[in-house]
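Input: a single structure, listed below in structure tokens.
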Amino acid sequence: MDRFKTILLGSLLPLLASCSSPGLCTTAGDAEAQFNLAWKYANGEGVPENDAEAVKWYRRSADQGNADAQYNLAVMYANGEGVPEDDAEAVTWFRRSAEQGYTKAQFNLGVMYANGEGVPENNVFAHKWLNLAKVGGDENAGNVLEIIIPRMTKEQIAEAQ
């Protein structure tokens, strides 16, 4: 019986992802439903785990401005899950999420600037994003700031703030 439920649910989930409420489907799709479907594929919840399918649905949701989906899509690119590893693409999606105030994205974007992953190393931008993450409550951001601040001039620190 469980196998039947998984197969049935798996065949219905793509249809449900374009519905904003049961029975009410939109052609544009519902970003939250698409995010939820992506998460299910990424974690094998109710459907077989499938990172490529997760990326597809995260992208649809992310393209509609869903900050959670943008963050998760960035993680997929950073780790090469369902797509080839691509730090530059990860930076793009971390930035979109970070610009909406998503603290985890701000932290990861700051780390990528600090390490020169997907972007040229830039401690000013690293400080900016890490400081925003710290203000947003990320406990690790302060630790990373303590590492990069000694590498910066007073002028760079002032520019970052």
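Tabulated data for the structure shown
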{"read-out": "Residues that are part of a loop (DSSP other than H, G, I, E, B), of a type in the set (Gly, Ala, Ser) and closer than 19 Å to Glu53 by Cβ, drawn from the stretch 74-119", "value": "Gly80, Gly82"}
{"read-out": "Residue in the stretch 134-146 that is modelled with pLDDT of 95 or more, of a type in the set (A, V, I, L, M, F, W, C), in contact with a Phe, Trp or Tyr (Cβ under 9 Å, 6 or more places away or on another chain) and surrounded by 15 or more Cβ atoms within 10 Å (Cβ to Cβ) present", "value": "yes"}
{"read-out": "Close pairs from the stretch 97-113: first without any contact (Cβ under 8 Å) to a residue 24 or more places away in the chain and crowded, with 21+ Cβ neighbours inside 10 Å, partner of a type outside the set (Phe, Trp, Tyr) and assigned to a helix (DSSP H, G or I), Cβ under 7 Å, at least 6 apart", "value": "Leu109/Val91; Leu109/Arg95; Leu109/Ala98; Tyr113/Ala126"}
{"read-out": "Cross-chain or 6+ apart pairs with Cβ under 6 Å, the stretch 55-74 first and farther than 19 Å from Asn108 by Cβ, then surrounded by 21 or more Cβ atoms within 10 Å (Cβ to Cβ)", "value": "Trp57/Gln34; Trp57/Leu37; Trp57/Ala38; Arg60/Gln34"}
{"read-out": "Qualifying residue in the stretch 72-83 (condition: within 26 Å of Gln161 (Cα to Cα), surrounded by 22 or more Cβ atoms within 10 Å (Cβ to Cβ) and touching a helix residue (DSSP H, G or I) at 6+ places or on another chain (Cβ under 8 Å))", "value": "yes"}
{"read-out": "Answer residue from the stretch 120-133, given it is part of a helix (DSSP H, G or I) and more than 18 Å from the chain's Cα centre (by Cα) and is nearest to Lys104 (Cα to Cα) among those", "value": "Asn131"}
{"read-out": "Residue in the stretch 142-152 that is touching a helix residue (DSSP H, G or I) at 6+ places or on another chain (Cβ under 8 Å), outside any helix (DSSP H, G or I), touching a residue at least 12 places away in the same chain (Cβ under 8 Å) and farther than 29 Å from Trp57 by Cα present", "value": "yes"}
{"read-out": "The one condition in (1) at pLDDT 95 or above; (2) of a type in the set (D, E, K, R); (3) surrounded by 15 or more Cβ atoms within 10 Å (Cβ to Cβ); (4) over 19 Å from Glu99 (Cα atoms) that Lys40 fails to fulfil", "value": "(1)"}
{"read-out": "Filter result for Asn50 (in contact with a helix residue (DSSP H, G or I) (Cβ under 9 Å, 6 or more places away or on another chain), surrounded by fewer than 24 Cβ atoms within 10 Å (Cβ to Cβ) and closer than 25 Å to Asp138 by Cβ)", "value": "no"}
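Here's the yes/no breakdown for (1) at pLDDT 95 or above; (2) in contact with a Phe, Trp or Tyr (Cβ under 9 Å, 6 or more places away or on another chain); (3) on the phi < 0 side of the Ramachandran plot:
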site: Ala17; (1), (2), (3): no, yes, yes
site: Glu45; (1), (2), (3): no, yes, yes
site: Glu49; (1), (2), (3): yes, yes, yes
site: Ala54; (1), (2), (3): yes, yes, yes
site: Asp63; (1), (2), (3): yes, no, yes
site: Ala67; (1), (2), (3): yes, yes, yes
site: Gly82; (1), (2), (3): yes, yes, no
site: Glu89; (1), (2), (3): yes, yes, yes
site: Asn108; (1), (2), (3): yes, yes, yes
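The values are calculated or read from the model by the stated rules, or taken from the named source; none is laboratory data. This one's a predicted model, so the numbers in the text were calculated from it and none came from an experiment. Don't worry about glycine lacking a Cβ; one is built from the backbone with ideal geometry, like all the others, and counts go over all protein chains shown.
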